[in-house]
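So the structure is just underneath, and the comments pick up after that.
The values are calculated or read from the model by the stated rules, or taken from the named source; none is laboratory data. Small disclaimer: the values here were computed from a predicted structure and weren't measured. Cβ placement follows ideal geometry from the backbone for every residue including glycine, while neighbour counts extend to all protein chains displayed.
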Amino acid sequence: MDDTAALKKTPLHALHLSLGARMVPFAGYDMPVQYPAGVMKEHLQTRQAAGVFDVSHMGQVIVKAKSGKYEDAALALESLVPVDILGLAEGRQRYGFFTDDNGGILDDLMITHLDDHLFVVVNAACKEEDVAHMQKHIGDRCDITVLDRALIALQGPRAVDVLAELWADVAAMKFMDVRHCRLHDVSCLVSRSGYSGEDGFEISIPADKAEDVTKRLLEHPDVEAIGLGARDSLRLEAGLCLYGNDIDTTTTPVEAALEWGMQKARKTGGVRAGGFPGAGRILSELDNGATRRRVGLKPDGKAPVRGHAKLYADAEGKTELGEVTSGGFGPSVEGPVAMGYVPLSHAAAGTVIFAEVRGKYLPVTVSALPFITPTYKR
Amino acid sequence: MLKFTEEHEWLKIEGGVATVGITNYAVDQLGDLVFVELPEIGATFAKNDNASTVESVKAASDVYCPLDGEITEVNEAIVADPSLVNSDPQGAGWFFKLKLANAADADGLLDEAAYRELTA
């Protein structure tokens, strides 16, 4: 039996095949890992010009209060995330994470204040659990609606000019702004955000128009199709977490160095301090620090150090520190890059530790994240 | 004499010494190589031992020793520039030279036609 038969397809599946993509199963979907250009060229294309990514496998969800008031939806979702959502201005987006009672991370997500409701984007692998989680805890106060729309990302330094040819107002958007717009007469939702470390956009498109809009973007000489392989190397260089690798229910937001995702209003002394799952542990770690921390790791040599490689304090592998959570080759860094968790005693940038690769203990230097300089238009 | 393995290595055998590399097909599957680790000169391997490692942007893969033998030479050029393996896998991108323990062992490997059929 063909084991790809059970895989779901995004609205752009046929387009991927027509572009010669190599398809792989990812989070239950048949997705393009790379196109004929290959991961290296696709990565550099995105950093140097622009790339378009199909991220339609991600979950797009509307959270709307039964009262019809934004404030009620915001306060409801605040009971599940340590994020200031009430204070989120209309047309603005914020990163956040669902936490569990132990302070672990159930998923990370993007949260937008859109008109009188919330628009959230969650990871493909978690979307059913996330929707059930919201239904269970805030379903009495809010309607949770999963949208059947495509989502593409247009990322790279040329992205804004490419998109401005279709919709001139895009140039006025700032990082994390979200706007309704029409692209080729198709009603779309555009956010100036992404997962590459570059300036760029994520565009939510009605499923039946997705191929048309994506094809038009690909007609631009500065735009190429980019697969999941380069999406991963781009986000790794940008120091961004991949749920299931770098963050999960065993990691807290403070351990994961995601303090920036929690605003003053929700922290100790804030106007709405706590009130989310795991608040006891997370607020305590915000005040007192966690015992371990996610850090950047730069292997000294040329060998990539991959996820699950064990980290040691010494070159003999005697004192284990933790594990690499993501690692590979960074085409823009032109060398291997990784991240992982180490005790605070070894978390300072410049600390040399050792990663076990094929029985050898290779020196890696704890490094500030990101590995590249992001070009977000703040 | 040119031979192939089912693990996508090629061997050019001359006077009991095989020059070994990975095939066009293997390179196409692996994608852009970013790291190559070669065996030590003088190391001896049995058939199917892990003799070398290649890494693409995405993943690491083992290169197996195709026959019993001793490493007599390695291609340091592909360590300095792994993209040589992508651009010329069956030429300048060779990995190592192996002095065969038993030259007749090569008879059991695939010839070019059989390998083509395998990867068609």
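Of the helices (runs of 4 or more DSSP H) lying entirely inside the stretch A:8-122, those carrying at least 1 residues that are touching a residue at least 12 places away in the same chain (Cβ under 8 Å) and within 14 Å of chain B (Cβ to nearest Cβ) are A:39-48. Kindly evaluate A:Gly68 against the criterion of being among the small types (Gly, Ala, Ser), out of contact with any strand residue (DSSP E or B) (no Cβ under 8 Å at 6 or more places or on another chain), surrounded by fewer than 16 Cβ atoms within 10 Å (Cβ to Cβ) and farther than 23 Å from A:Lys127 by Cβ. In short, yes. Mind counting the residues in the stretch A:303-322 that are surrounded by fewer than 18 Cβ atoms within 10 Å (Cβ to Cβ) and within 14 Å of chain B (Cβ to nearest Cβ)? Adding up the residues that qualify gives 2.
Scanning the stretch A:335-359 for residues that are at pLDDT 95 or above and within 14 Å of chain B (Cβ to nearest Cβ) gives A:Gly335, A:Pro336, A:Val337, A:Ala338, A:Ala355, A:Glu356, A:Val357.
So is B:Thr23 polar (S, T, N, Q), within 14 Å of another protein chain (Cβ to nearest Cβ), crowded, with 17+ Cβ neighbours inside 10 Å and closer than 26 Å to B:Asp105 by Cβ or not? Taking the combined requirement at face value, the residue does not satisfy it.
The set of residues in the stretch A:25-43 being closer than 14 Å to A:Ile226 by Cα and crowded, with 17+ Cβ neighbours inside 10 Å consists of A:Met31, A:Pro32, A:Val33, A:Gln34, A:Tyr35, A:Ala37, A:Gly38, A:Val39, A:Met40, A:Lys41, A:Glu42, A:His43. Checking A:Ala14, A:Ala49 one by one, the residue that is surrounded by 16 or more Cβ atoms within 10 Å (Cβ to Cβ), farther than 24 Å from A:Glu129 by Cα and at pLDDT 95 or above is A:Ala49 and no other.
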